[in-house]
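One structure is given below, encoded as structure tokens.
The values are calculated or read from the model by the stated rules, or taken from the named source; none is laboratory data. Quick caveat, the model's predicted, so the values are computed rather than measured. Positions of Cβ are backbone-derived with ideal geometry, glycine not excepted, and every protein chain shown enters the neighbour counts. Just so you know, the surface numbers come from the protein's heavy atoms only, side chains and all, with ligands and any DNA or RNA stripped out. Shrake-Rupley method; radii C 1.70, N 1.55, O 1.52, S 1.80 Å.
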Amino acid sequence: MSEPVRIGVVGGGLMGKELLALTRRWDALVDHPVRPEVVAVADPAPAVQQWWRGVGVPTVTDDYRRLLDDPLLDVLYLAVPHDLHERLYLDAVSAGKDFLGEKPFGIDLAAAERVVAAVESSRCFVRVSSEFPFFPGAQRAI
């Protein structure tokens, strides 16, 4: 029997829905020790909240701080627009939450450096997703 990993998603748009699809296909992995479950979503848009309720997610809210404060969540997926990364990433670290975030760490170098400093001084496990690291053109020189 695999152990559940309870996930809270902040940002219920396309990337949050992609994560939900992935977790619902997880049973295709044979003998995997964990079973991810999306059990909470925070998004400010009523239509997005309604969609998540419709697919059976038990906790849906417009306030991401509820997910930061939820001791039953094992990990967060922070899938928000780039200009919100720094604030949410710092808030998650401050709350002691492990999380998967989307790139970039911050909207500019200074923001990214603040996030890195916070993560390095914490006990949080943080991973930033890079969907196409080897996709031609994805790593253009500036």
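Among the residues of region 96-113, those that are part of a loop (DSSP other than H, G, I, E, B) and in contact with a strand residue (DSSP E or B) (Cβ under 9 Å, 6 or more places away or on another chain) comprise Lys97, Asp98, Lys103, Pro104, Phe105.
Number of residues in region 70-114 that are closer than 17 Å to Val5 by Cα and among the acidic types (Asp, Glu) equals 3.
When region 93-124 is limited to residues that are among the polar types (S, T, N, Q) and open to solvent by 70 Å² or more (accessible area, probe 1.4 Å), the one that is nearest to Gly8 (Cα to Cα) turns out to be Ser94. When the strands (runs of 3 or more DSSP E) confined to region 1-92 are screened for residues that are surrounded by 12 or more Cβ atoms within 10 Å (Cβ to Cβ) and small (Gly, Ala, Ser), those reaching at least 1 such residues are found at 3-10, 34-42. Residue check: Asp74 meets all listed conditions (1) under 13 Å from Val10 (Cβ atoms); (2) touching a residue at least 40 places away in the same chain (Cβ under 8 Å) but one, namely (1). On the given criteria, is Val116 modelled with pLDDT of 90 or more and either of a type in the set (Val, Ile, Thr) or not in a helix (DSSP H, G or I) (or both)? Yes, satisfied. Residue pairs whose Cβ atoms lie under 6 Å apart, sitting 6 or more positions apart in sequence or on different chains, and linking a residue in region 1-25 that is among the polar types (S, T, N, Q) to a partner that is not in a strand (DSSP E or B), are Ser2/His32; Ser2/Pro33.
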